[in-house]
Amino acid sequence: MSDHLIDLVDISKSFDGQLVLDEMNLYIRENEFVTLLGPSGCGKTTTLRIIGGFETPDTGKVLFNGADITGLPAYKRQLNTVFQRYALFPHLTIAENIAFGLKIKKKSRDYIRDKIKYSLKLVNLEGYEDRMPDSLSGGQQQRIAIARAIVNEPKVLLLDEPLGALDLKLRQEMQYELIRLKNEIGITFIYVTHDQEEALTMSDTIVVMNQGYIQQIGTPEAIYNEPENAFVADFIGDSNILDGIMIQDRLVEILGTRMACVDAGFGLNKPVDVVIRPEDVELTGPGEGAMDGVVTSVIFKGVHYEMEVEANGFEWLVQSTHMHEVGAHVGLRVEPDNIQIMNKPESEDEKAVELDV
Amino acid sequence: MKKAFSKVYLLLVFLFLYVPIVIMMALSFNASKSRAVWAGFSTKWYEELWRSASIMDAVKNTFTIALISSAAATVLGVLACIGIMAMSRRGKTVTMAVNNIPLLNADIVTGLSLMLTYVFFGISLGYGTIVFAHITFNVPYVILSVMPRLKNSSRSTYEAAMDLGASPVRAFFAVVMPEIMPGIVSGFLLSFSMSIDDFIITYFTKGAGVNTISTMIYTQVRRGIVPSMYALSTILFVLVMVLLLITNFAPAAKSRDDSKKGK
Ligand SMILES: Nc1ncnc2c1ncn2[C@@H]1O[C@H](COP(=O)(O)OP(=O)(O)OP(=O)(O)O)[C@@H](O)[C@H]1O
Ligand SMILES: [Mg+2]
């Protein structure tokens, strides 16, 4: 408990009778890079706004270093936000924008000047002091928004899809820049995105959300390799999600074929969800794998080929560096430890979650 | 043919609108007192205005009343807008509708009811009651010109200011105010010209001995034809004209400036 910087305790929030967050519990450690990941409208921004103090939860508490700050107004909180749409002040120059928070804290002129210089250097925009915000490109404005937030040396930086409006190349550049920044200034990042790749690249911890519920919290590796339910598996990367029956420990039946796996403890003949990543499906000669199929499509993706293989009535998604022609007969094989077994959702809520996918 | 006709039509409309004013302006420069004979160009009626203490008082009253009432109305109007913004959707609609009633109300009704109110509460009519009356009818104009600006101003910059440690009041002055400034300026100018322009409400709420330019003209003209009143009317007309021009072009010029800066 002691190393928690922020605790969200039983946070619920509705707008106009519509429940947006349902008894959410989450903690964030000091110096952690936490990403809230989920589809549009799942409540990521709302969560961030509650932490930032722009929204009051209907129930529950926000703790900062163990102290209750639920009722503390935004301007008294020791955190700064990079907003989903930059929100630079259009009538102020870049330097004045960056100095805004420091002037309020009555820092000396020299201090402010040094800080402006330092922060512009940090975001690679030296010499932009006297420009107006709308004369900058989207990516540059975004970096100014980040500079404006970090000069205040907040304990926590909240970032709401800061790279959402940028093109792919710039987004990747900015991802590296953000990671570098985080290592350089050592503050806690709470980052919102609906881009799973971005989340996997940058985070220490990923919080997968859907419809106001937390689906899974874990490291990028855990989220990717051991998704706890079908929603997470589907949302993080491409996967093959199949209905299966757990015959006994370490043996599962998929599409009428029994395959060895490593999971145990589900009981006998229990219906389960099975997740197999496309890169874990190996293509062999016909008859050499667990089941046979026919290649129905091939797309070249740069590093690998992405193929669809029809086998036992299921369209398998397969990634491989070896190409097989459309129409080729192949066998499919999966290593036991690459078969991920998950319980079927039980509660009504989780079912609702599934339907939305 | 059709085009020529529409041009002639337009000309006629403008003639009807402006000929009387042009005649009055011309007569204000007539050396003779006669309305029929042009006796040469002269500024003597204007000089007469300058010499009359009561007229100069009226001019001074007009300006101070306009200034005080429009400044007060601007402050009240902006505050009202902030309040309205915080209301629910329905509250907003109702309040804006109520706000429009005084604008549509006949001046004479507004004037009469204000006078009755003053008398009812035993407030003696004079300079102060005119100022209050003018504030009353100016506030809706300010609300009307500030409200659209405030609606369009982005909530996110206001929140960003608070995020950076500004109290709500400070965030308003630092971020929201510059954004809605064109609306505030045009609201102020509109109030100012409405106040200078007003006759009926002023007439009902003024006490004996206090005059503005318009009530002065009215009382003087009732006594007999005085060309110096043409001069005073001309001044009033030019003043309101200039103010309206500023009101219409100042905000437009400002936003053009802004967009230029963007490029
Ligand atoms: N101020 C508000 N008034 C009414 N409904 C709101 C408000 N803010 C958010 N909502 C609703 O709450 C839900 C969650 O919104 P939120 O902005 O948190 O989603 P998000 O996860 O950030 O989505 P995105 O990825 O599109 O930004 C949405 O259904 C949205 O319509
Ligand atoms: Mg959002």
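When the accessible area of chain A is split by element with a 1.4 Å probe, what percent falls to carbon and sulfur? Don't jump to the answer; show the numbers that get you there.
Working: 7850 of 16570 Å².
For chain A, the apolar C and S fraction of the accessible surface comes to 47 percent.
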Filtered hits (lysines, Cα-Cα < 26 Å from B:Lys206, offset >= 8 within chain) -> B:Lys60
Quick check on the range A:4-225: take the gyration tensor over C-alpha atoms, sort the square-rooted eigenvalues as a ≥ b ≥ c, and tell me if it's rounded (a/c under 1.5), prolate or oblate.
prolate
Chain A: angle of helix A:109-122 to the longest principal axis, Cα-based, in degrees nearest 10:
20
List for the range A:44-81: residues with 50 Å² or greater reduction in accessible area, all protein chains versus chain alone, probe 1.4 Å?
A:Phe54, A:Tyr75
Accessible area drop of at least 50 Å² (1.4 Å probe, protein heavy atoms): which residues of the range A:98-122 qualify, relative to the chain alone?
A:Phe100, A:Ile104
Surface share of carbon and sulfur [accessible, 1.4 angstrom probe, percent] for the range B:67-211
72
From Cα pairs below 8 angstrom and at least 6 apart in sequence, can you work out the relative contact order of the range A:4-225, rounded to a whole percent?
29
Counting only complete DSSP H runs, which helices of chain B cover 20 Å or more along their long axis at the Cα atoms and score a mean Kyte-Doolittle of 0.5 or above?
B:2-28, B:53-85, B:127-152, B:177-197, B:227-262
Please give every one of the lysines within straight-line cross-link reach of A:Lys105, meaning a C-alpha to C-alpha distance under 16 Å, and leave out same-chain neighbours fewer than 8 residues apart.
A:Lys76, A:Lys115, A:Lys155
Name the GluC sites (Glu not before Pro) in the range A:86-161 that are in a loop by DSSP and that have at most 14 other C-beta atoms within 10 Å, would you?
A:Glu126
Accessible solvent surface per residue of the range A:4-225, calculated while the other protein chains remain in place, 1.4 angstrom probe, Å²
43
accessible surface per residue for the range A:246-302, probe 1.4 Å, DNA/RNA/ligands not counted, whole Å² -> 48
Paramagnetic reach from A:Lys169 (point 7 Å along Cα→Cβ, amide N under 16 Å) across the range A:126-155
A:137-140
³J(HN,Hα), Karplus 6.51/-1.76/1.60, whole Hz, each residue of the range A:292-308, x for Gly, Pro:
9, x, 10, 6, 10, 7, 9, 10, 7, 10, x, 7, 9, 9, 10, 10, 10
Global geometry of the range B:114-241, whether rounded, prolate or oblate, following the gyration tensor of its Cα atoms and the 1.5 cut on a/c
prolate
Residues whose modelled amide H sits under 5 Å from the amide H of A:Met291, counting only those 5 or more places away in sequence or on another chain, are A:Leu332
Distribution output for the range A:282-333: share of Cα-Cα pairs per 5 Å bin in percent, first bin at 0, values 5, 25, 34, 25, 8, 2
So which chymotrypsin sites (Phe, Trp or Tyr not before Pro) in the range A:89-122 end up in coil per DSSP with only 12 or fewer other C-beta atoms within 10 Å?
none
Can you spot the lysines whose alpha carbon is less than 18 Å from B:Lys44's alpha carbon? Ignore those fewer than 8 places along the same chain.
B:Lys33
To the nearest 20 debye, what is the magnitude of the charge dipole of the range A:4-225 about its Cα centre, counting +1 on the Cβ of each Lys and Arg and -1 on the Cβ of each Asp and Glu?
980
In square angstrom to the nearest 100, the accessible surface buried at the A/B interface, both sides summed with a 1.4 Å probe, amounts to 1800
DSSP-assigned coil residues among trypsin sites (Lys or Arg not before Pro) in the range B:24-116, each with at most 13 further Cβ atoms within 10 Å
B:Lys33, B:Arg35
In the range B:129-168, what residues drop by 10 Å² or more of accessible area when the other protein chains are put back, versus the chain on its own? Use 1.4 Å, and skip ligands and nucleic acids.
B:Ser156, B:Thr157, B:Glu159, B:Ala160, B:Ala161, B:Met162, B:Asp163, B:Leu164, B:Gly165, B:Ala166, B:Ser167, B:Pro168
Residue of B:Ser88, B:Ser28, B:Ser233 that the Gaussian network model of chain B assigns the largest fluctuation, springs spanning Cα pairs under 10 Å:
B:Ser88
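Given a Förster distance of 30 Å, report the FRET efficiency between B:Lys44 and B:Lys7 from their Cβ-Cβ distance, rounded to the nearest 0.05. Write down the numbers at each step before the final one.
Working: r = 39 Å, r/R0 = 1.31.
The computed FRET efficiency comes out at 0.15.
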With springs connecting C-alpha atoms under 10 Å apart, model chain A as a Gaussian network and identify which of A:Asp337, A:Asp22, A:Asp273 has the largest mean-square fluctuation.
A:Asp337
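The values are calculated or read from the model by the stated rules, or taken from the named source; none is laboratory data. Just so it is clear, the model here is predicted, and its values are computed rather than measured. Cβ atoms come from the backbone with ideal geometry, glycine included; neighbour counts cover every protein chain shown. These accessible areas exclude ligands, DNA and RNA; they are computed on the full protein's heavy atoms, side chains included. Shrake-Rupley method; radii C 1.70, N 1.55, O 1.52, S 1.80 Å.
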